[in-house]
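Asker: The structure under discussion is supplied below as structure tokens; questions concerning it will follow.
The values are calculated or read from the model by the stated rules, or taken from the named source; none is laboratory data. Just so it is clear, the model here is predicted, and its values are computed rather than measured. Counting neighbours? That spans all protein chains shown, and the Cβs are built from the backbone with ideal geometry, glycine included.
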Amino acid sequence: MEDQFLSKGQNIELPDELDQIDIVITWDNTEFGVDASALLLGADGKVRSDADFVFYNQQESADGSVRYLGRREAESGPHERLLVHLAAVPEQVDAIALVGSVDSGSFGDLGKLALQLVDSGGSPIAEYVTADASTETAFVFGQVYRRNGKWKLRAIGQGWASGLAGLAEDFGVDVSEDAPVEESSSPELETPQPISESDPPVTEPTTPPKPARQRGVRTAKPVPKKAPLPEFKHAESETWQPARLFSVIGVGTGEEQERRTTSALVSTMQAVPLFARAVSSRVGAPAGSFEGYVEVPYVKGESRVIPDAVWRIARGSRLWTGLLEAKTGAGTHTREQLENYLDVAKKNKYDVVISLSNDLPAGAGELPVEVDKRKLTKVALRHLSWAEVIHEARMVLSHGGIDNPLQGWILSEFLRYIEHPKSGAAEFVDMGRHWVSIRDSVSAGTLRPGDPKAAAVAQSWIALARNLALRFTADL
């Protein structure tokens, strides 16, 4: 369906075949950004419990129907994303409020604000754009709501001056901004001393009970932590190099490069849960325990198809599954290949097919390969770039809160490997062979309209900007 543009107060009915939607919030001013959140509301317009508030500190509803996917960078600028599984929303939920908030400044400082709904194939469904905001620090962009068994979207555009905490309280959330209670560790036990017959009986030391979980939801953002890494202190000279967990020595053909880099990614996700969550959330996965398998064969008709990896995430009794097809270097995906995996995923009732390559998408939900939309009715197709994987590794190491030195070392070793040219997981390398001639033509005023070399240079420039945005975000 074509993208429908809504005005304030307008509503539209969503297509019946939609199983899940991405909610994308964008803004113009990049000095600071918006944090997306969602509230699952009952018939009284209030949340049923604090678990119905989905945001950066509580990234998934208890039933798994709504997930916070976080911030992304694209050619069109930064944006925040939420994922809604319409088919999984409980019957007791009448509406889902789609909210944005800011930590500093106000919505009036952000210029044009937009709420966009995107289907599982990356195609826009509807968009609401507003520039009416002024001093608000929290904003309800719209509502996805249910009427007579049909899902609809209403553009609202209502602001709050009391921030995310005030807005959440108005919808029935119990907000508590008190400092979280730290769990105390067991005290070190003293060495038992000899006792005399007159001493009182010795009782076994017991671990003090853990404090009760703090009531209410905390909306303040956690303070970023940097992972401590092991230090190698006993080398006799700087020429001594520590052994590498993922070695680039001996990388040969492109096929070997692809297999080695994919295996390194999956094994690192297995070892470092925070990294697994950061990467898998980009493709709509729930929070849960991660398992990865490589080169799993499936039967399709009279032939076999073998995706590069299978990701499985367990959350309670539910098992989420994604089929991964990875490309390194200049490798690109084909429509036939991805459609084969979509057929396999649908047959096995899996959730998503993931394409992973050096293509960095220009916009939210955009895919480098277009497939038959009919194959996306029950299975989503998501794209990841290696630049985004590298970005998430840097972010987790610098700000992700890893407190296990071994996990920090494993992730740093993976980052070292994946940043090496032989891994095939390239970030931006150069402006291409036409850069100098086009640059000189621009300077001399001799560039011809429609020069195909200029289009190639423009694409390189966009790729440079996107990669710089990811790199600076992690560094700063």
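Asker: Scanning for something crowded, with 19+ Cβ neighbours inside 10 Å, assigned to a loop (DSSP other than H, G, I, E, B) and assigned by TED's automatic domain parsing to the domain that holds Gly301, does region 387-401 turn up at least one residue?
Answerer: Checking region 387-401: at least one residue is crowded, with 19+ Cβ neighbours inside 10 Å, assigned to a loop (DSSP other than H, G, I, E, B) and assigned by TED's automatic domain parsing to the domain that holds Gly301.
Asker: Being out of contact with any strand residue (DSSP E or B) (no Cβ under 7 Å at 6 or more places or on another chain) and among the hydroxyl-bearing types (Ser, Thr, Tyr) is the filter here; which residues of region 268-319 pass it?
Answerer: Within region 268-319, Thr268, Ser303, Ser317 meet the criteria.
Asker: Run down Arg304, Arg318 and say which single residue is over 20 Å from Gly121 (Cβ atoms), modelled with pLDDT of 90 or more and among the charged types (D, E, K, R).
Answerer: Arg304
Asker: Return the residue satisfying two criteria in turn: it lies in region 69-118 and is modelled with pLDDT of 85 or more and acidic (Asp, Glu), and of such residues it is surrounded by the most Cβ atoms within 10 Å (Cβ to Cβ).
Answerer: Looking at residues that are modelled with pLDDT of 85 or more and acidic (Asp, Glu), I get Glu80.
Asker: Between a residue in region 228-239 that is within 11 Å of Leu406 (Cα to Cα) and any residue that is of a type in the set (S, T, N, Q) and at pLDDT 85 or above, which pairs come within a Cβ distance under 7 Å, given they are 6 or more apart or on different chains?
Answerer: Pairs that qualify, where the first residue is within 11 Å of Leu406 (Cα to Cα) and the partner is of a type in the set (S, T, N, Q) and at pLDDT 85 or above, are Leu229/Ser412.
Asker: So, of the residues in region 347-379 that are surrounded by fewer than 17 Cβ atoms within 10 Å (Cβ to Cβ) and not in a loop (DSSP other than H, G, I, E, B), which turns out to be modelled with the highest pLDDT?
Answerer: The residue in question is Lys347.
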